[in-house]
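Inspection log for the structure reproduced underneath, given as structure tokens.
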Amino acid sequence: MKLALCTDVLADLALPQMLDRVKQYGINGVELTAGGWSPCPHVDREALLASPEKLARFCYELSSRDMTIVALNCSGNPLAPGALGEAHTRSSYRTVELAARLGVKKIVMMSGLPGGGPQDRVPNWITSTVSWPDYMPGVIDYQWREVAIPWWQKFVRHAQQHGIEQIALEAFPCQLVYNPSTLLRLREAVDEMIGINLDPSHLIAMGADPIAAVRRLEGAIFHVHGKDARIERGRADVDGLMEYQPVTAIKTRAWNYVAVGCGQDLRWWKEFFSVLRICGYNGDVALEMEDLTMSVEAGLRTSVDALNACLSQ
């Protein structure tokens with residue numbers, strides 16, 4: 001396995017300076033955002049698609065540092081009703097086209113989340129039993145059969161036509177694919193080109209076991225994020241794990257994103273990577289740093305040291 005970095009955490013640096021900083025951590029791979037919700041601080045997608053000169057310069061900045069793009073990320077909600085879904089659909093398709101120009105074979109995305117019906121104006125995430133109230137089964141059926149599956153079937157064809165080999169979906173709250181079972185449902189309905197971007201922090205925050213998830217997802221793991229979460233004692237015991245407070249409310253939340261090793265100990269992380277190897281994954285692990293309890297530099301250093309101590313080489 002090789003360590004990479006999700007570079008949005010260094011959004012204050014221009015591309016050359018960002019790449020130099022990544023090299024200082026001993027990392028030679030980057031996951032770059034090119035669409036979706038991200039402001040895409042290091043990738044001007046449309047400019048790169050329009051200008052061969054700018055594309056060549058962009059590629060030179062990478063190659064001159066022996067740096068590899070492990071994936072382009074366009075995580076957003078292309079299934080959302082209205083303008084948001086339209087914008088994220090376009091950025092997803094254009095990210096695929098940029099990946100083809102760059103020779104990148106893997107795209108990281110999220111599944112998206114539709115509204116609850118054709119007239120809805122906002123996405124609708126159902127997380128409780130569909131047994132009652134009785135309108136909920138119809139919502140689920142609409143979201144999957146009428147929106148998600150057709151959208152993804154069409155998108156996969158576009159990706160295949162542009163040489164993409166893997167679409168790694170991050171199972172994330174407020175998305176139709178938010179756990180292993182929903183990922184496998186979409187994969188079975190659409191194509192095995194769809195797999196998971198396994199981010200253990202989200203499973204931890206939902207009370208799941210990422211190591212058990214690895215075994216369940218064998219053969220469908222296309223990408224891994226190195227990111228930790230901590231269940232906050234005393235908070236989660238009272239209120240459970242369904243948390244709507246902003247991530248900045250670190251003192252009162254039931255769980256928080258933390259630097260690697262500050263949630264699960266290094267023994268846990270060593271087992272996680274060992275089981276990944278057992279189940280056939282020996283690819284990139286992209287560090288994603290979102291710990292608000294410390295500085296960016298401290299969080300990156302803490303996480304890099306922890307991951308280097310635990311990765312199965």
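The values are calculated or read from the model by the stated rules, or taken from the named source; none is laboratory data. Just so we're clear, the structure is a prediction, and the values are computed from it rather than from any experiment. Don't worry about glycine lacking a Cβ; one is built from the backbone with ideal geometry, like all the others, and counts go over all protein chains shown.
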> In the range 255-271, which residue that is aliphatic (A, V, I, L, M) and crowded, with 21+ Cβ neighbours inside 10 Å is farthest from Leu5 (Cα to Cα)?
Replying inline: Val258
> His42 passes all but one of (1) out of contact with any Asp or Glu (no Cβ under 7 Å at 6 or more places or on another chain); (2) assigned to a strand (DSSP E or B); which number fails?
Replying inline: (2)
> When the range 297-310 is examined, which residues are found to be aliphatic (A, V, I, L, M) and either closer than 23 Å to Glu218 by Cα or surrounded by 15 or more Cβ atoms within 10 Å (Cβ to Cβ) (or both)?
Replying inline: Leu300, Val304, Ala306, Leu307
> Which of the residues belonging to the range 187-216 are under 15 Å from Gly280 (Cβ atoms) and not in a helix (DSSP H, G or I)?
Replying inline: Glu192, Gly195, Ile196, Leu198
> Residue check, Asp66 against (1) among the charged types (D, E, K, R); (2) surrounded by 13 or more Cβ atoms within 10 Å (Cβ to Cβ); (3) outside any helix (DSSP H, G or I), all met but one. Which one?
Replying inline: (2)
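Listed here are the residues, each with its yes/no results for (1) at pLDDT below 95; (2) part of a loop (DSSP other than H, G, I, E, B).
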position	(1), (2)
Arg57	no, no
Asn77	no, yes
Glu86	no, no
Arg94	no, no
Leu113	no, yes
Thr127	yes, yes
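Does Val260 satisfy being part of a loop (DSSP other than H, G, I, E, B) and within 25 Å of Ala71 (Cβ to Cβ)?
Details: part of a loop (DSSP other than H, G, I, E, B): yes; within 25 Å of Ala71 (Cβ to Cβ): yes.
Spelling it out, Val260 is indeed part of a loop (DSSP other than H, G, I, E, B) and within 25 Å of Ala71 (Cβ to Cβ).
Could you say which residue among Thr89, Thr68 is within 21 Å of Val224 (Cβ to Cβ), out of contact with any helix residue (DSSP H, G or I) (no Cβ under 6 Å at 6 or more places or on another chain) and among the polar types (S, T, N, Q)?
Of the residues listed, the single one that is within 21 Å of Val224 (Cβ to Cβ), out of contact with any helix residue (DSSP H, G or I) (no Cβ under 6 Å at 6 or more places or on another chain) and among the polar types (S, T, N, Q) is Thr68.
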> Can you tell which of Ala189, Ala213, Ala205 is within 21 Å of Met109 (Cβ to Cβ), over 19 Å from the mean Cα position of the chain (by Cα) and in contact (Cβ under 8 Å) with a residue 12 or more places away in the chain?
Replying inline: Ala189
> Which ones in the range 142-171 are assigned to a helix (DSSP H, G or I) and within 18 Å of Ala71 (Cα to Cα)?
Replying inline: Phe155, Val156, His158, Ala159, Gln160, Gln161
> Taking the stated definitions as given, is Val139 buried (at least 17 other Cβ atoms within 10 Å of the Cβ), in a helix (DSSP H, G or I) and free of Cβ contacts under 8 Å to residues at least 40 places away in the same chain?
Replying inline: yes
> How many residues are in contact (Cβ under 8 Å) with a residue 40 or more places away in the chain and either surrounded by fewer than 19 Cβ atoms within 10 Å (Cβ to Cβ) or over 15 Å from Val43 (Cα atoms) (or both) if we restrict to the range 16-28?
Replying inline: 8
>> Name the single residue that is farthest from Arg216 (Cα to Cα) among those in the range 144-180 being crowded, with 17+ Cβ neighbours inside 10 Å and of a type in the set (Gly, Ala, Ser).
In response: Ala159
>> Suppose we keep only residues that are assigned to a loop (DSSP other than H, G, I, E, B) and basic (Lys, Arg) within the range 217-254. Which one would you say is surrounded by the most Cβ atoms within 10 Å (Cβ to Cβ)?
In response: Lys227
